[in-house]
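A.B. asks: First the structure, which I've put down as structure tokens, then a few questions once you've had a look.
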Protein chains: 2
Amino acid sequence: AIVRAVQTALAPASGPLAGRHVIVTSGPTHEPIDPVRYIANRSSGKQGHAIATAAARAGARVTLVSGPVNLPDPAGVEVRRVETAREMLAAVDAALPADVFIGAAAVADWRVEAAGDKIKKKKGDSPPALALVENPDILADVAARGRERPRLVIGFAAETENLLAHARDKLVRKRVDLIVANDVGSGVFGAGENEAHLVTAEGVESWPRLGKDEVASRLVARIATMLEASAGKGGAA
Amino acid sequence: AIVRAVQTALAPASGPLAGRHVIVTSGPTHEPIDPVRYIANRSSGKQGHAIATAAARAGARVTLVSGPVNLPDPAGVEVRRVETAREMLAAVDAALPADVFIGAAAVADWRVEAAGDKIKKKKGDSPPALALVENPDILADVAARGRERPRLVIGFAAETENLLAHARDKLVRKRVDLIVANDVGSGVFGAGENEAHLVTAEGVESWPRLGKDEVASRLVARIATMLEASAGKGGAA
């Protein structure tokens, strides 16, 4: 790992994403209920971290904004560790501008409204009601930027049913360029593999069940192609 | 680690807890909200795992019932992995009878009433309300057993204020023999050290800030003394 880090640091930026800045979010967010309790989700961060690694190998400068995960920092990547959705948005804000934004994190949709002192359980009391409020939608927020909008904004959809319909809806509603749709009914949370469907305005491309590293390499190759195509259509190249 | 495991397996049971069965719970519990979201807490399991290790070194047969942690299984200990409070209680039930029960896990006081399908966030919908219901109180449950009650039932209290008053209250209310009280206002969740106060019916003994391994060894030595004393007072010994 040290050898690779040194190689990465010394290597001249080359590869299909050389000169590009890519921001990747990864992992879950943790939303505090009180100082000891929190709401979490089962995202392992494996897919997001694999994408950050693949983008760095493709020559990009990569900022990885990661929720709490049990993964080593990928070599050659600048890692910002956060806990909550609001911290994640702030870290993405600070990392912009970028050519590509990849929202692979499983950002909590809601946080607890009044997270404060430790909730004491008292005998006879009924359990507390947890009032939730909406978290910022980081993907939609980044996609709606004006001059600061990355050329490519890519989101993930994890669904247990109606996967492609939900992914298409998300693509249009959040104005993103590509949705990577995963069926999470089959236990891929925390697993090493994904069955990914790439949903764009043009249509759907379904990949076989692949290792998350392989999904990451293919996605990075696709991103390079899309950036070239978008430059050809009148970008600043 | 392999050498130690073999030594432990081959060594004749000797030491101050030889011939005793000790059940230790450790770590947090995770209470599902839906298939991907859950409520967690910041317990690392370090203290509970250290106690299981120390009890095994003292010659005890140890069953460690652990919530989700990122710790290796201690050598020479039988480990049962669980996720929720109800699963933890069932595993403790299955492991009884025992001479000593040490409830070091941070068991969630509440679970989500109707954890079911993945909650879909829809635009314009207000956030869901999470209705909570009380979880079983594993410590009080074990302490209230009749013939199956372990000779020593030991609990933990983690408080941010009025530490000793809360610990004394817990001791009496749950009918346990010893409460290890920790001040969690000082960031010991996940840290390597604890400042422990041992609260019994006889009084309070305060220890200096110590490594969790050292807290574990001292607690195990204290348990051996208490078992001897209780045998002297008319136990079956």
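The values are calculated or read from the model by the stated rules, or taken from the named source; none is laboratory data. None of the values given here were measured: they were computed from a predicted structure. Cβ placement follows ideal geometry from the backbone for every residue including glycine, while neighbour counts extend to all protein chains displayed. For the accessible areas, the whole protein counts, side chains as well, though only heavy atoms, and no ligand, DNA or RNA atoms are used. Shrake-Rupley method; radii C 1.70, N 1.55, O 1.52, S 1.80 Å.
A.B. asks: Mean separation of Cα pairs under 8 Å and 6+ residues apart, divided by the residue count of chain A: what relative contact order is that in percent? Walk me through the numbers on the way to the answer.
C.D. replies: Numbers: 485 pairs, mean separation 43.9, N = 237.
After rounding, I find 19 percent.
A.B. asks: Could you state the accessible area per residue of segment B:68-199 in Å², with a 1.4 Å probe and every protein chain left in place?
C.D. replies: Values: 6340 Å² over 132 residues.
With all protein chains present, segment B:68-199 gives 48 Å² per residue.
A.B. asks: Further, regarding this structure: Among A:His21, A:His166, A:His30, which one shows the highest mean-square fluctuation when chain A is modelled as a Gaussian network with alpha-carbon springs under 10 Å?
C.D. replies: Ranking A:His21, A:His166, A:His30 by mean-square fluctuation puts A:His166 first.
A.B. asks: While we're looking at this one, here's another question. Carbon-plus-sulfur fraction of the accessible area of segment A:10-122, 1.4 Å probe, in percent?
C.D. replies: 50
A.B. asks: Work through the residues other than B:Ala158 whose Cβ is under 11 Å from its Cβ and net out their charges, Lys, Arg +1 and Asp, Glu -1.
C.D. replies: It works out to a net charge of +1.
A.B. asks: A follow-up question, please. Quick one: helix A:212-232 against the long Cα principal axis of chain A, what's the angle to the nearest 10°, folded into 0 to 90?
C.D. replies: Approximately 60 degrees, to the nearest 10.
A.B. asks: A follow-up question, please. Which value results when the Cα radius of gyration for the protein assembly as shown is divided by 2.2 N^0.38 Å?
C.D. replies: 1.13
A.B. asks: Report the antiparallel proportion of the DSSP beta bridges in the protein assembly as shown as a percent, rounded to a multiple of 5.
C.D. replies: In the protein assembly as shown, DSSP labels about 45 percent of beta bridges as antiparallel.
A.B. asks: Additional query: Could you please report the charge total around B:Arg81, scoring K, R as +1 and D, E as -1 over all other residues with beta-carbon less than 13 angstrom from its beta-carbon?
C.D. replies: Taking every other residue near B:Arg81 into account, the sum is -3.
A.B. asks: Still on this model: May I ask you to find the residues of segment A:145-173 that are shielded by at least 10 Å² of accessible area once the whole protein assembly is considered instead of their isolated chain (probe 1.4 Å)?
C.D. replies: The answer is A:Ala158, A:Glu159, A:Thr160, A:His166, A:Arg173 - residues whose exposure falls by at least 10 Å² when every protein chain is included.
A.B. asks: Rounded to the nearest 20 debye, what is the charge dipole size of the protein assembly as shown about its Cα centre when +1 sits on each Lys and Arg Cβ and -1 on each Asp and Glu Cβ?
C.D. replies: Details: 60 positive and 56 negative charges, 62 e Å.
The dipole of the protein assembly as shown has a size of about 300 debye.
A.B. asks: Report the residues of segment A:32-66 in range of a label on A:Asp93: point 7 Å along Cα→C-beta, backbone N strictly under 13 Å from it.
C.D. replies: Nothing falls inside the zone, counting backbone N under 13 Å.
A.B. asks: Which entries of A:Lys120/B:Lys46; A:Lys174/B:Lys120; A:Lys174/B:Lys121; A:Lys118/B:Lys170; A:Lys170/B:Lys118; A:Lys120/B:Lys174 have Cα-Cα distances beyond 21 Å here?
C.D. replies: A:Lys120/B:Lys46
A.B. asks: Any idea what angle helix B:46-57 forms with the longest principal axis of chain B, computed on alpha-carbon atoms, 0 to 90 degrees, nearest 10?
C.D. replies: Approximately 30 degrees, to the nearest 10.
A.B. asks: Under the definition of partner shielding as Cβ atoms of other protein chains within 10 Å of a residue Cβ, what is the mean value for peptide B:32-44? Working shown, then result.
C.D. replies: Values: counts 1, 4, 2, 7, 10, 10, 6, 7, 8, 7, 6, 1, 0.
What the average comes to for B:32-44 is 5.
A.B. asks: How much net charge surrounds B:Ser14 when only the other residues with a Cβ under 15 Å from the Cβ of B:Ser14 are counted, with Lys and Arg +1 and Asp and Glu -1? Kindly include the intermediate steps, with their values, before the conclusion.
C.D. replies: On the way: positive: B:Arg20, B:Arg57, B:Arg61; negative: none.
Net local charge, B:Ser14 excluded: +3.
A.B. asks: Also, quick follow-up: Considering only protein heavy atoms and a probe of 1.4 Å, how much of the accessible area of segment A:138-215 is carbon and sulfur, as a whole percent?
C.D. replies: 45
A.B. asks: Once A and B are treated as a pair rather than alone, how much accessible area drops out, both sides summed, in Å² to 100, probe 1.4 Å?
C.D. replies: What A and B bury together is about 3200 Å².
A.B. asks: Run the reach check for A:Lys212 against aspartates and glutamates, Cα to Cα strictly under 18 Å, same-chain hits fewer than 8 apart removed. What comes back?
C.D. replies: Leaving aside aspartates and glutamates fewer than 8 places away in the same chain, those within reach of A:Lys212 are A:Asp73, A:Glu159, A:Asp183, A:Glu193, A:Glu195.
A.B. asks: Now, a different point. Efficiency by 1/(1 + (r/R0)^6): what FRET value for B:Val133 and A:Asp141, r their Cβ-Cβ distance, R0 = 41 Å, to the nearest 0.05?
C.D. replies: Working from the Cβ atoms, E equals 0.70.
A.B. asks: Before rounding to the nearest 500, sum -39500 (n - 2.57) across all DSSP H runs of length at least 4 in the protein assembly as shown and divide by the residue total; then give [θ] at 222 nm in deg cm²/dmol.
C.D. replies: Rounded to the nearest 500, it is -9000 deg cm²/dmol.
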